[in-house]
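Student: A single structure is presented below for examination.
The values are calculated or read from the model by the stated rules, or taken from the named source; none is laboratory data. The structure displayed is predicted, hence computed values, not measured ones. Positions of Cβ are generated from backbone atoms using ideal geometry, with glycine treated the same way; all protein chains shown enter the neighbour counts.
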Amino acid sequence: MADTTGSEMKSGSFMSEKSAKIFVAGHRGLVGSAIVRKLHDQGFTNLVLRTHSELDLTSQSDVESFFATEKPVYVILAAAKVGGIHANNTYPADFIGVNLQIQTNVIHSAYKHGVKKLLFLGSSCIYPKFAPQPIPESALLTGPLEPTNEWYAIAKIAGIKMCQAYRLQHQWDAISGMPTNLYGQNDNFHPENSHVLPALMRRFHEAKANNADEVVVWGSGSPLREFLHVDDLADACVFLMDQYSGFEHVNVGSGVEVTIKELAELVKEVVGFKGKLVWDCTKPDGTPRKLMDNSKLASLGWTPKISLKDGLSQTYEWYLENVVQQKQ
Ligand SMILES: NC(=O)C1=CN([C@@H]2O[C@H](COP(=O)(O)OP(=O)(O)OC[C@H]3O[C@@H](n4cnc5c(N)ncnc54)[C@H](OP(=O)(O)O)[C@@H]3O)[C@@H](O)[C@H]2O)C=CC1
Ligand SMILES: C[C@H]1O[C@H](OP(=O)(O)OP(=O)(O)OC[C@H]2O[C@@H](n3cnc4c(=O)[nH]c(N)nc43)[C@H](O)[C@@H]2O)[C@@H](O)[C@@H](O)C1=O
């Protein structure tokens, strides 16, 4: 029976079911694609995958018939409306509405059609803007949210609560992981709607290619952010599927934080741009700091492996081979 108390119940059966049918929702995104790579590496052979155009997860009837037909045994929910500070601020209705629809449809149909275990992914923005640092899981719902992403955060908090409610009422094994800011291959490199790391990688690359003197970076440069490579996150997701069946959500971070100014200097170095940085203080800084307390996941036995420097170099190589060369 699924644990409802908050203590960590180790299940350990996921890794021994390599032919069980697993639905990875959002398999072409940053996170979903990394989870698919990790599952293949680990020998899982029966993944069921649908692109957005094959299955729109905001459609309740389509999600229902998908689960009724496919009957997956496990679900990892990595499909969502995702974006950086500008996208969150500009499209609040999409960030709350689409995310509530996707997660409600998938969680309910997964329960209804006998899925054994589901992993829901939230985000570090669920915590109050001025949460204690590093942020423990217990900081949830203890203060006001950061306004630039409160709509997305409310949807993600609802997802955690939905997993907890189904666990309480139906003894169903739905768990939640809360990743910090992620990056890596298959990230979104859109100039405005992406997160800071891919946005800066692209801007520095294009400035270098065009022999530009300067690159504009948003905000003051003082906010602190923690970055985790998506391959580490994927490893943590598989670990949680196998080893965690608790009531409470689990933080997934790297423990390493940098200011946006330090990040910009690191990306500049990796890309090899020689010009100067110009700060656009008309753009929002967002939350001043959001370092996860990773002690819960560490106590369960998982720690990250990829350093920010190595992860940045790998991501830039991937960007050159898969984004720049594809355009040529
Ligand atoms: N990126 C980050 O820094 C962080 C991400 N997370 C969480 O990780 C999860 C995955 O994020 P990430 O991989 O970055 O996001 P991406 O935008 O890279 O990928 C999201 C995926 O969801 C799919 N999707 C979106 N809407 C629908 C829909 N209506 N029906 C079907 N599929 C849909 C997308 O397909 P398509 O592109 O075709 O629309 C895409 O494959 C999210 O829950 C996010 O909150 C948490 C913390 C940080
Ligand atoms: C993962 C997390 O991601 C979002 O929150 P965020 O951490 O604030 O995300 P961000 O990566 O967009 O910005 C981080 C910082 O960086 C600065 N910054 C500088 N220059 C650029 C720039 O060019 N683009 C962006 N996007 N930011 C820039 C920017 O001003 C800010 O101070 C949530 O909305 C929500 O989606 C969520 O959960």
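Student: Just to check your reading of the model, which residue among Phe227, Phe189 is modelled with pLDDT of 95 or more, within 15 Å of ligand 1 (Cβ to nearest atom), in contact with an Asp or Glu (Cβ under 9 Å, 6 or more places away or on another chain) and closer than 21 Å to Gly311 by Cβ?
Tutor: The match here is Phe227.
Student: Which numbered condition in (1) surrounded by 19 or more Cβ atoms within 10 Å (Cβ to Cβ); (2) more than 19 Å from Ile85 (Cα to Cα); (3) not charged (D, E, K, R) is the only one that Leu277 fails?
Tutor: It fails just one condition, (1).
Student: Given the criterion modelled with pLDDT of 95 or more, farther than 22 Å from Gly83 by Cα and surrounded by fewer than 24 Cβ atoms within 10 Å (Cβ to Cβ), identify the matching residue among Leu168, Leu140, Leu145, Leu118.
Tutor: Numbers: Leu140 fails: farther than 22 Å from Gly83 by Cα; Leu145 fails: farther than 22 Å from Gly83 by Cα; Leu118 fails: surrounded by fewer than 24 Cβ atoms within 10 Å (Cβ to Cβ).
Result: Leu168 is the single residue among Leu168, Leu140, Leu145, Leu118 that is modelled with pLDDT of 95 or more, farther than 22 Å from Gly83 by Cα and surrounded by fewer than 24 Cβ atoms within 10 Å (Cβ to Cβ).
Student: Given the structure, is Val82 at pLDDT 95 or above, among the aliphatic types (A, V, I, L, M), near ligand 1 (Cβ under 7 Å from one of its atoms) and under 27 Å from Lys38 (Cα atoms)?
Tutor: Taking the combined requirement at face value, the residue satisfies it.
Student: Confirm whether Asp62 is outside any loop (DSSP other than H, G, I, E, B) and acidic (Asp, Glu).
Tutor: Yes.
Student: Here's a follow-up. Looking at the structure I just gave you, is Phe227 away from ligand 2 (no atom under 16 Å from the Cβ) and in contact (Cβ under 8 Å) with a residue 40 or more places away in the chain? Please lay out each step first, then the result.
Tutor: Details: away from ligand 2 (no atom under 16 Å from the Cβ): no; in contact (Cβ under 8 Å) with a residue 40 or more places away in the chain: yes.
No: the conditions fail for Phe227.
Student: Let me ask another. One residue is enough: does region 71-78 have a residue meeting the conditions surrounded by fewer than 23 Cβ atoms within 10 Å (Cβ to Cβ) and either away from ligand 2 (no atom under 16 Å from the Cβ) or in a loop (DSSP other than H, G, I, E, B) (or both)?
Tutor: Scanning region 71-78 turns up at least one residue that is surrounded by fewer than 23 Cβ atoms within 10 Å (Cβ to Cβ) and either away from ligand 2 (no atom under 16 Å from the Cβ) or in a loop (DSSP other than H, G, I, E, B) (or both).
Student: So which residues in region 194-214 are buried (at least 21 other Cβ atoms within 10 Å of the Cβ) and hydrophobic (A, V, I, L, M, F, W, C), if there are any at all?
Tutor: Scanning region 194-214 gives Val196, Leu197, Ala199, Leu200, Met201, Phe204.
Student: Let me ask something else. Among the residues of region 220-253, how many are touching a Phe, Trp or Tyr at 6+ places or on another chain (Cβ under 7 Å) and not β-branched (Val, Ile, Thr)? Before you say what the answer is, go through the steps one by one.
Tutor: The first filter runs over region 220-253 and keeps only residues touching a Phe, Trp or Tyr at 6+ places or on another chain (Cβ under 7 Å), leaving 220-221, 227, 229-230, 236, 239, 241-242, 250.
Add one more test, that the residue is not β-branched (Val, Ile, Thr), and what stays is 220-221, 227, 229, 236, 239, 241-242.
So the answer is 8.
Student: What's the total number of residues in region 262-307 that are aliphatic (A, V, I, L, M), closer than 24 Å to Pro128 by Cα and within 11 Å of ligand 2 (Cβ to nearest atom)?
Tutor: 1
Student: Do we find that Val48 is modelled with pLDDT of 95 or more, away from ligand 2 (no atom under 16 Å from the Cβ) and closer than 25 Å to Leu182 by Cα in this structure? Give the derivation first.
Tutor: On the way: modelled with pLDDT of 95 or more: yes; away from ligand 2 (no atom under 16 Å from the Cβ): yes; closer than 25 Å to Leu182 by Cα: yes.
Here the answer is yes, as Val48 does meet what is asked.
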